[in-house]
Amino acid sequence: MGIIIKPIVTEKQTMITDKMANRVGFRVSPDANKLEIKAAIEELYGVTVVKVNTMNYDGKRKSRYTKSGVVNGKESSFKKAIVTLKEGDTIDFFSNI
């Protein structure tokens, strides 16, 4: 399984990237460390990574009401990495659309 799962392209992350053009967010494997994340990003996108910040998110409990009663469930836990690139480097996720 790869270290990088997918890039985070949300409204909040886009606002962060607009303020600081060299910061990008990724959803990563929960057992990956900062050195592994740095190496994977540099290999995959061909950029120089200066710093990696990671955050672990716990899964949230969810419930909804249906005709057959209450359905309980849980969102999965995940790890997020905010990667700071070298000044001048950028990653364009929408170049091949």
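The values are calculated or read from the model by the stated rules, or taken from the named source; none is laboratory data. Remember, predicted model here, so these are calculated numbers, not experimental data. Counting neighbours? That spans all protein chains shown, and the Cβs are built from the backbone with ideal geometry, glycine included. The area values use the complete protein model at the heavy-atom level, side chains included, leaving out ligands, DNA and RNA. Shrake-Rupley method; radii C 1.70, N 1.55, O 1.52, S 1.80 Å.
Skip the ligands, DNA and RNA, and give the accessible area per residue of the chain with a 1.4 Å probe, whole Å².
Values: 7200 Å² over 97 residues.
Per residue, the chain has 74 Å² of solvent-accessible surface.
Kindly provide the helix-only [θ] at 222 nm of the chain, computed as the sum of -39,500 (n - 2.57) over DSSP H runs of four or more divided by all residues, to the nearest 500 deg cm²/dmol? Numbers along the way, then the final one.
Working: 2 runs with 21 residues, N = 97.
After summing the helix terms and dividing by the residues of the chain, the value is -6500 deg cm²/dmol.
Thinking of the chain as a set of Cα atoms, what percent of all their pairs are more than 18 Å apart? Before the final figure, lay out the partial values.
Values: 2457 of 4656 pairs.
The answer is 53 percent, as a whole percent.
May I ask you to give the percent of accessible area on the chain that is carbon plus sulfur, with a probe radius of 1.4 Å? It would help to have the intermediate numbers written out before the result.
Numbers: 3670 of 7200 Å².
Exposed carbon and sulfur together represent 51 percent of the surface.
Taking the Cα centre of region 38-97 as origin, sum charge times position over the Cβ atoms of Lys and Arg (+1) and Asp and Glu (-1), and report the length of that vector in debye to the nearest 20. Could you put the intermediate results ahead of the total?
On the way: 11 positive and 7 negative charges, 146 e Å.
The dipole magnitude comes to about 700 debye.
Near LYS74, which aspartates and glutamates are there with a Cα under 15 Å away, not counting those fewer than 8 places off in the same chain?
Output for LYS74: ASP58.
When only C-alpha pairs under 8 Å and at least 6 residues apart count, what is the relative contact order of the chain, in percent? Don't jump to the answer; show the numbers that get you there.
Numbers: 156 pairs, mean separation 30.7, N = 97.
In percent, rounded to a whole number, it is 32.
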